[in-house]
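One structure is given here, and the rest of the page talks about it.
The values are calculated or read from the model by the stated rules, or taken from the named source; none is laboratory data. Remember, it's a predicted structure, so these values are computed and weren't measured experimentally. Virtual Cβ from ideal backbone geometry, glycine too; neighbours counted across all protein chains shown.
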Amino acid sequence: MGTSKGFFLAVTVTSATLLLLGIGTLGAKPDKPNPHKPVPATDIVLVPKITLQGAQSRAARGGQRRTGAATGFLGEPCSGRKYAIVIGISEYPGYVNDLDYADDDADDVTQVLDVVYGFDSIITLKDAYGTRSAIMNAIATVGEKAVSGDEVVFFFSGHGMTGTAADGDAERTDEAIVINPPLGSGPFVDYEWIWDGELRTAFSGFATSRIIFIFDVCNAGGMDDLQEPGRVLLMASGERSDAYEGPEWGNGEFTYYLAQGIATGVANMHDYAEIGVLSNPILVTAEEAFDYAKANCEADRPVIGDGFLNDLLP
């Protein structure tokens, strides 16, 4: 739905077969979230991503680089396969809460992971296909395949939500990603959600600790429940701040600069080849991409949670 970005090659996202993941059913294990039904919650409040229009939209800019999260030392490289789950929801039930560019965020992140980093398997779920069953089944499918040394990326762009949920943690206020109801539910059925504690539980059994989470939502900083050693969390906003999208970016602002910095290589700050550990210094680490996005975002206030030793190259 967004405008095209010149720094991306034109590709067709081959998600048709991947979307079939939403068709199967998984038996709900006692220690895993039910893939079809969210946990009970109270005081639920939708926290919509803000779409800036016209003069209110900050002009896209680039080139500013700033040190911060990146250490300049490359951590343990990926020794296995690379898996990703990429979700972008612009179209929600009804029309009031629709976004313009979250689906474009998913397309561009899919492109970056495929073309730049050479991911082996990317599950892309957009709009009506971003259902609880599809997302939870995708996580379970990747969890069954990923072994120690593999890498996993989980990306979500859309609306956020807060509330008090029985999701297995002691938080007074929980955060959630807002998703779509089952396919065929009709245009005016309420949206659904997945709580941070549910995501933490769903990823708890993964054999690999090399996982990158990216959230382009309001209150994204509250997803820090997912933080563990070996994981990197890239979040568009703090725990109590908004995330933005707009026509000047044709994306969510955070995703725009994150993807731009990677796709063009401009986010690269450290010549890892000089220290003899990387032959291609153009490739950007997760921390470098975050530093570039944070330096260029004017509306978003990105935050990072980094449990990986030194810098993580996807």
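Which of the following residues is crowded, with 22+ Cβ neighbours inside 10 Å and under 23 Å from residue 82 (Cα atoms): 203, 215?
215
In the list 287, 245, which residue meets the criterion of being among the acidic types (Asp, Glu), crowded, with 24+ Cβ neighbours inside 10 Å, modelled with pLDDT of 95 or more and outside any helix (DSSP H, G or I)?
Of 287, 245, the one residue that is among the acidic types (Asp, Glu), crowded, with 24+ Cβ neighbours inside 10 Å, modelled with pLDDT of 95 or more and outside any helix (DSSP H, G or I) is 245.
Tell me yes or no: at least one residue of the stretch 181-191 is surrounded by fewer than 21 Cβ atoms within 10 Å (Cβ to Cβ) and part of a helix (DSSP H, G or I).
First, the residues of the stretch 181-191 that are surrounded by fewer than 21 Cβ atoms within 10 Å (Cβ to Cβ): 181-191.
Subsequent filtering for residues that are part of a helix (DSSP H, G or I) retains none.
No, there is no match, as no residue in the stretch 181-191 is surrounded by fewer than 21 Cβ atoms within 10 Å (Cβ to Cβ) and part of a helix (DSSP H, G or I).
Mind telling me which of the residues 177, 139 ends up being β-branched (Val, Ile, Thr), assigned to a strand (DSSP E or B), closer than 20 Å to residue 102 by Cβ and at pLDDT 95 or above?
Values: 139 fails: assigned to a strand (DSSP E or B).
When all the criteria are applied, what remains is 177.
Go through 212, 262 for me and flag whichever is assigned to a strand (DSSP E or B) and under 30 Å from residue 282 (Cβ atoms).
Among 212, 262, only 212 is assigned to a strand (DSSP E or B) and under 30 Å from residue 282 (Cβ atoms).
Condition (residue is surrounded by 20 or more Cβ atoms within 10 Å (Cβ to Cβ), of a type in the set (Ser, Thr, Tyr) and under 14 Å from residue 223 (Cβ atoms)) applied to the stretch 115-135: is it met by at least one residue?
The answer is no; no qualifying residue exists.
What about residue 243, is it in contact (Cβ under 8 Å) with a residue 60 or more places away in the chain, within 16 Å of the chain's Cα centre (by Cα) and within 30 Å of residue 207 (Cβ to Cβ)? Lay out the reasoning, then the answer.
On the way: in contact (Cβ under 8 Å) with a residue 60 or more places away in the chain: yes; within 16 Å of the chain's Cα centre (by Cα): yes; within 30 Å of residue 207 (Cβ to Cβ): no.
So residue 243 fails the test.
Going by the conditions given, is residue 254 buried (at least 24 other Cβ atoms within 10 Å of the Cβ), among the aromatic types (Phe, Trp, Tyr) and touching a helix residue (DSSP H, G or I) at 6+ places or on another chain (Cβ under 6 Å)?
yes
Please specify each residue of the stretch 177-210 satisfying the condition of being touching a strand residue (DSSP E or B) at 6+ places or on another chain (Cβ under 6 Å), in contact (Cβ under 8 Å) with a residue 40 or more places away in the chain, of a type outside the set (Lys, Arg) and farther than 17 Å from residue 91 by Cβ.
194, 195
Can you find, within the stretch 93-102, the residue that is surrounded by the fewest Cβ atoms within 10 Å (Cβ to Cβ) among those that are closer than 14 Å to residue 178 by Cα and within 18 Å of the chain's Cα centre (by Cα)?
Here the answer is 99.
Looking only at the stretch 219-245, how many residues end up being touching a Ser or Thr at 6+ places or on another chain (Cβ under 8 Å) and on the phi < 0 side of the Ramachandran plot? Write out each step before concluding.
Looking only at the stretch 219-245, we keep the residues that are touching a Ser or Thr at 6+ places or on another chain (Cβ under 8 Å), and these are 219-222, 228-231, 236, 243-245.
Filter once more, keeping what is on the phi < 0 side of the Ramachandran plot: 220-222, 228-229, 231, 236, 243-245.
Going through the stretch 219-245 one residue at a time, the tally reaches 10.
In the stretch 77-89, which residues are surrounded by fewer than 24 Cβ atoms within 10 Å (Cβ to Cβ), at pLDDT 95 or above and assigned to a loop (DSSP other than H, G, I, E, B)?
Residues satisfying the conditions are 80, 81.
Looking at the stretch 146-154, is at least one residue at pLDDT 95 or above, part of a helix (DSSP H, G or I) and charged (D, E, K, R)?
Within the stretch 146-154, none of the residues are at pLDDT 95 or above, part of a helix (DSSP H, G or I) and charged (D, E, K, R).
Taking the stretch 126-136 on its own, how many of its residues are under 14 Å from residue 104 (Cβ atoms) and either of a type in the set (Val, Ile, Thr) or in a strand (DSSP E or B) (or both)?
1
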